[in-house]
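Novice: Below: one structure in structure tokens.
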Amino acid sequence: MSTLNTTAGSPVAGSVSGAPLVRVDGLRVSFGKSVEDNPVVRGVSFTLEPGRTLAIVGESGSGKSVTARTLLGLTGRNAKIATDRFEIHGVDVSGYGDAQWRKLRGRDIGLVTQDALVSLDQLRQVRQDVGEGPKIHKTLKRKQELFARVVELLDQVGVPDPAVKARQLPHELSGGQRQRALIAAALALDPGILIADEPTTALDATVQAQVLDLLDATRQRGKALIIISHDLAVVSRLADELIVMRRGEVVERGDAAEILSAPKHEYTQKLLDAVPSGHSRGQRLSPSETASQATVSDLKVVRAHHAKPLAGGNLLEAAGLVKSFTGPDRVARRAVDNVSFQLKPRETLGIVGESGSGKSTVAKLVLGLEEPDEGHVRLAGEPWSGIKEKQRRDRRPDLSIIYQDPLSSFDPRWSVERVVQDTVARDISDTVGQKGRVGELLDLVSLPRGLRGRRPLELSGGQRQRVAIARAVASSPRVIVCDEPVSALDVSIQAQVLDLLGDLRDELDVSYVFISHDLGVVHHVSDRVLVLHNGRVVEEGGSDEVLHNPREEYTQKLVSAVPRLRISGRAQQVA
Amino acid sequence: MAAPAPRRRGVRATRWLLIRVASGVGVLWAAATIAFLLQTLTQQSRARLIYDQRVGNNSIPSKGVTAAINHQYGFDNSVLHQYVSYIGGLVHGNFGVSYFQHVSVWSLIIQQIGPTLILTFSALILAWVIAVGLTLLGAGRHNIWSSAIANFLQMLSASVPSYWVGTILLVIFAVNLHIFPVLGGNPLLALVLPMITMALPVSGFLGQVIQDEFSSALEQPFVTSSRSRGITDFGVRTVHVLRHSVLPGLTLSGWAVGYLFSNAVLVEQVFDRAGIGGVLTKAASEGDVPLATGVVLLSAAAYVIANIVVDILYVFVDPRLRA
């Protein structure tokens with residue numbers, strides 16, 4: 001195993017006599033009986049110098065997070081770890097026990113985990129988690145000193161009103177503020193090495209950009225940064241060096257800019273190709289798989305409604321939608337404020353917005369799950385809102401939904417076949433016919449036949465989403481509402497699912513309302529785009545027009561916040 | 001965004017508490033009404049019961065005697081009148097007069113309630129100590145033995161009836177080993193065996209819900225981020241995870257107080273302890289309806305108060321509810 005070539009600048013004061021901060025040679029990790037038993041990390045090597053950023057990129061199951069945790073001795077009791085060389089600050093740590101690791105954690109290496117509400121202890125005030133490092137390591141003993149330090153840290157990472165926020169509970173902070181607080185907690189003891197594990201995954205684009213800037217600022221102050229991500233765009237923004245991992249192995253390593261502009265390994269190439277953007281529109285994102293085996297004509301026989309001509313040419317029409325909700329403070333808030341749009345047959349309308357923009361409420365109004373306070377929805381020229389559910393029921397098959405995480409909409413005890421059969425049973429009464437149709441549908445979404453007896457929990461995220469799509473198209477809908485359908489998926493799986501949705505649009509004559517916070521994804525799939533902000537439509541138009549030359553300030557901010565693959569030569573933009 | 005002013009928070013907290021107390025009063029009122037209905041359902045025989053007790057045999061009272069008794073106790077009034085005066089009496093702390101001991105029910109109960117309350121609450125505390133102790137030792141540990149032993153003890157304590165445990169404890173520790181008195185003796189020593197008898201099954205139930213929550217909290221990302229700051233395993237368990245896991249245990253404790261209170265009746269008999277159990281068994285066997293309903297109402301009150309206390313504790317443990 002050769003070590004990564006680093007062209008580090010001058011080492012910053014604090015590192016031990018010129019030795020790299022971290023040196024790992026031939027790291028192997030297994031959760032089996034021995035290191036050789038089905039290892040999840042198979043020989044990873046790197047060195048880390050002060051002021052440099054190393055990115056480890058890979059999809060889920062690649063071993064990137066396990067690698068990061070090993071640097072803190074947090075791999076878990078069952079992990080078997082072997083290295084040829086494992087040094088932190090020039091000291092051999094390969095034989096460290098838990099007590100020795102504890103002295104290192106927080107003080108020499110800080111860990112920033114992904115913001116989930118559960119990354120901070122929800123039952124304790126933010127100050128208690130942020131100040132936990134100094135308290136444990138007994139660097140600050142007096143209460144006032146500790147609190148002053150917490151406020152200073154929160155201020156440093158850009159949390160507004162730090163003295164107030166410090167005394168609040170995690171759920172009272174926004175996602176971006178929580179992520180900042182996690183970074184503050186990791187910086188509390190001023191460690192030389194900061195590991196950020198998917199630090200921006202759950203965040204909106206504008207917040208994501210701010211957090212990445214913050215991480216980069218800490219690196220510029222001389223810290224070494226290791227960033228773990230599945231997102232090449234995030235990585236390209238920060239990384240000096242890059243390691244691409246797949247199934248525990250390093251497939252490519254070297255200078256980040258070089259790899260991103262001229263990947264040598266086909267897997268890296270595949271990852272780069274899979275990133276959706278405006279430029280990739282109309283192209284397949286995944287290596288061409290056999291699209292779908294079922295002949296589409298089989299699938300259309302069930303309902304022949306597509307032949308019906310449309311009055312006015314709009315499949316779906318929303319006019320002046322308003323919807324208010326009363327918050328826990330008894331103040332009514334307009335979640336959707338005067339939103340109008342039209343959807344034509346075979347068209348994809350992208351709805352983009354950050355969390356709280358009202359996009360999910362729009363989805364509910366379109367689906368007829370909520371009634372608008374004002375305005376109306378028309379489906380295929382006929383009223384869809386403001387009528388009784390009984391009148392809607394017969395036309396429900398015209399509309400389908402695909403959610404971000406289909407797992408919660410499946411009965412966990414049912415097999416995949418039964419989940420789909422349940423939907424089919426509405427149109428076909430005999431069991432043999434139902435089974436045949438289920439087979440066709442699952443062929444259509446290319447779900448391998450061997451997986452059909454499995455339960456939802458036994459499937460991967462991508463496979464589950466295929467099942468959800470099969471179920472969504474089972475009723476031969478005219479419109480499918482996709483609410484963040486690929487947000488939970490790895491980039492190569494995301495590419496396959498987006499390709500599948502594109503194929504189905506052509507084959508089944510469906511239109512999509514495609515809701516996402518990911519501008520790249522929306523740009524890739526949409527003909528027209530609607531930008532929502534605080535419940536209002538900020539901008540609307542053709543997707544190239546809106547996302548390449550945004551007119552409104554908010555859209556401009558949104559577009560510029562999206563991390564791009566910054567690659568000379570490839571000139572690939574995400575949005 | 002500024003935090004809500006402490007004063008408004010205080011107003012909201014007071015209102016919340018008032019609502020809780022009001023609904024508790026509602027429960028008690030319902031219990032009192034049912035108790036009253038049970039009393040009046042025995043209307044025909046109440047005068048007869050009292051007469052039998054007075055004369056000491058089963059002779060049939062003359063109409064005049066019956067009427068006198070009916071008049072003395074107010075049985076000749078309309079049901080509504082009786083109901084209003086019964087509820088009115090309860091509001092003023094008047095639980096009625098025992099048919100047979102001819103003193104107020106309240107004074108009979110108050111004499112005996114002390115030992116039962118001591119037994120109930122010491123058992124609840126012991127149950128918590130056992131449950132939390134075993135959880136801290138056992139939950140999520142990779143050492144198979146410690147969690148296996150903890151699990152076994154929990155299963156055992158949750159499934160064995162208390163009178164059996166009581167008898168076995170008596171035989172082993174009092175009769176054979178002479179560590180604790182069989183009867184009487186030092187009141188603190190005499191408390192130990194019945195307390196353990198009552199605590200064991202409750203600790204089993206408590207332990208199971210606490211341990212489940214503990215194990216899942218231990219898998220949460222905040223545990224990893226806390227560990228990455230250098231906290232010890234014991235620190236993670238006590239400072240972070242335990243607080244999350246006691247919440248369902250608190251909910252169960254409201255139920256446990258009712259369970260313990262009624263179980264005390266049984267355990268007091270097994271250990272021949274003073275307490276409300278003796279009062280209730282005597283009242284039930286003699287047909288002393290006011291006394292029996294008094295005990296029932298008191299149990300209901302204990303249950304209601306325990307649940308209000310649990311709700312208050314819940315807010316202390318889970319600060320998210322304070323908003």
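Novice: Grab the eigenvalues of the alpha-carbon gyration tensor for segment A:89-170, scale each by 5, take roots, and send me the semi-axes largest first in whole angstrom. Walk me through the intermediate numbers first.
Specialist: Values: eigenvalues 137, 46, 28 Å².
Semi-axes (√(5λ), whole Å): 26, 15, 12.
Novice: State which helices in chain B qualify, where a helix is a whole DSSP H run, it must extend 30 Å or more along its own axis by its Cα atoms, and its mean Kyte-Doolittle hydropathy must be at least 0.5.
Specialist: Once both thresholds are applied, what remains is B:6-41, B:105-138, B:187-218, B:242-270, B:289-317.
Novice: Once amide H atoms are built 1.01 Å from N in the peptide plane, which residues 5 or more positions from residue A:110, or in another chain, come under 5 Å H to H?
Specialist: Here A:193, A:194, A:195 satisfy the definition.
Novice: List the pair-distance distribution P(r) of segment B:105-322, using every Cα-Cα distance, as the percent of pairs falling in each 5 Å bin from 0 up to the bin containing the longest distance, rounded to whole percents.
Specialist: Spelled out per bin, shortest first, that is 1, 7, 13, 16, 16, 15, 12, 9, 6, 4, 2, 1, 0, 0.
Novice: Let me have the 222 nm mean residue ellipticity of chain B computed from DSSP H runs of 4+ only, each contributing -39500 (n - 2.57), with the sum over all residues rounded to the nearest 500.
Specialist: -25500 deg cm²/dmol
Novice: Take every Cα pair under 8 Å in segment A:186-284 that's 6+ residues apart, average their separations, divide by the length, and report that relative contact order as a whole percent.
Specialist: RCO, segment A:186-284: 20 percent.
Novice: Could you give the distance between the Cα centres of segment B:197-272 and segment A:492-560, to the whole Å?
Specialist: Rounded to whole Å, the Cα centres lie 49 Å apart.
Novice: Using only Cα atoms, find the angle between the long axis of helix A:205-220 and the longest principal axis of chain A, and express it within 0 to 90 degrees, rounded to the nearest 10.
Specialist: For A:205-220 against chain A, the angle is about 10 degrees.
Novice: If you don't mind, another one. Quote the relative contact order of segment A:296-561 in percent (integer), defining contacts as alpha-carbon pairs under 8 Å separated by 6+ residues.
Specialist: Contact order relative to length: 27 percent.
Novice: List every residue whose amide H lies under 5 Å from the amide H of residue A:350, counting only residues 5 or more places away in sequence or on a different chain, with H placed 1.01 Å from N in the peptide plane.
Specialist: Those lying under 5 Å, H to H, from residue A:350 are A:514, A:527, A:528, A:529, A:530.
Novice: Here's something else I'd like to know. Rg and Dmax of segment A:444-575, Cα atoms, in Å?
Specialist: According to the Cα coordinates of segment A:444-575, Rg and Dmax are 16.7, 51 Å.
Novice: Please determine, in degrees from 0 to 90 and to the nearest 10, the orientation of helix A:491-508 with respect to the longest principal axis defined by the Cα atoms of chain A, where the helix direction is its Cα long axis.
Specialist: 10
Novice: Pulled fully out, how much extra length does the chain show between residue A:355 and residue A:35, if you take 0.36 nm times their separation in residues and subtract their Cα-Cα distance?
Specialist: That pair, residue A:355 and residue A:35, stretches by 110.9 nm at full extension.
Novice: Alpha carbon centre of segment A:167-218 versus segment A:54-104: separation in Å?
Specialist: So the two Cα centres are separated by 22 Å.
Novice: What are the trypsin sites (Lys or Arg not before Pro) within segment A:107-144 that DSSP puts in a loop, where the Cβ has at most 14 other Cβ atoms within 10 Å?
Specialist: Numbers: sites: A:107, A:124, A:127, A:135, A:138, A:141, A:142, A:143; in loops: A:107, A:124, A:138, A:141, A:142.
Sparse-neighbourhood loop trypsin sites (Lys or Arg not before Pro): A:138, A:141, A:142.
Novice: So what's the angle, to the nearest 10 degrees on a 0 to 90 scale, between helix A:431-444 and the longest Cα principal axis of chain A?
Specialist: 50
Novice: Another question, if that's okay. Rounded to the nearest 500 deg cm²/dmol, what is the calculated helix-only ellipticity per residue at 222 nm for chain A, with -39500 (n - 2.57) per DSSP H run of length n ≥ 4? Let's see the in-between values first.
Specialist: Values: 21 runs with 188 residues, N = 575.
It lands at -9000 deg cm²/dmol.
Novice: Return a whole-number percent for the relative contact order of chain B, with Cα pairs under 8 Å and 6 or more residues apart as the contact set.
Specialist: Details: 332 pairs, mean separation 75.6, N = 323.
Once divided by the residue count of chain B, the mean separation gives 23 percent.
Novice: State, in angstrom, two size descriptors of the protein assembly as shown derived from its alpha carbons: Rg to one decimal place and Dmax to the nearest whole number.
Specialist: Rg and Dmax of the protein assembly as shown, Cα atoms, are 35.0, 116 Å.
Novice: Follow-up. Take every DSSP beta bridge whose two residues both sit in segment A:296-561, then give the antiparallel share in percent to the nearest 5.
Specialist: 55
Novice: For segment B:219-295, what size does the Cα cloud have along each of its three principal axes, sorted from largest down, in whole Å?
Specialist: 67, 23, 14
Novice: Another question, then. Measuring from centroid to centroid over Cα atoms, what is the spacing of segment A:329-404 and segment A:132-159 in Å?
Specialist: Each part's Cα centre sits 47 Å from the other's.
Novice: If only Cα atoms are counted, what is the Rg of segment B:14-91, and what is its Dmax, in Å?
Specialist: Using the Cα atoms of segment B:14-91, the pair Rg, Dmax is 17.3, 58 Å.
Novice: For segment A:22-99, state which GluC sites (Glu not before Pro) are in a DSSP loop and have at most 16 other beta carbons lying within 10 Å of their beta carbon.
Specialist: Passing both the DSSP loop test and the Cβ count: A:36.
Novice: Right, here's the next one. Along the charge dipole of chain A, which of A:511, A:433, A:61 sits closest to the positive end, that is, farthest toward it, with unit charges on the beta carbon of Lys, Arg, Asp and Glu (+1, +1, -1, -1)?
Specialist: In chain A, that residue is A:61.
Novice: Give the residue list of trypsin sites (Lys or Arg not before Pro) in segment B:199-301 that are DSSP loop and have at most 12 other beta-carbon atoms within 10 angstrom. It would help to have the intermediate numbers written out before the result.
Specialist: On the way: sites: B:227, B:229, B:237, B:243, B:273, B:282; in loops: B:229, B:273.
Passing both the DSSP loop test and the Cβ count: no residue.
Just so you know, all these numbers are worked out from the coordinates, no wet-lab data involved. Computed from a prediction, not measured in an experiment: that's the story for all the values here. With ideal geometry, Cβ positions are generated from the backbone for all residues, glycine too; neighbour counts draw on all protein chains shown.
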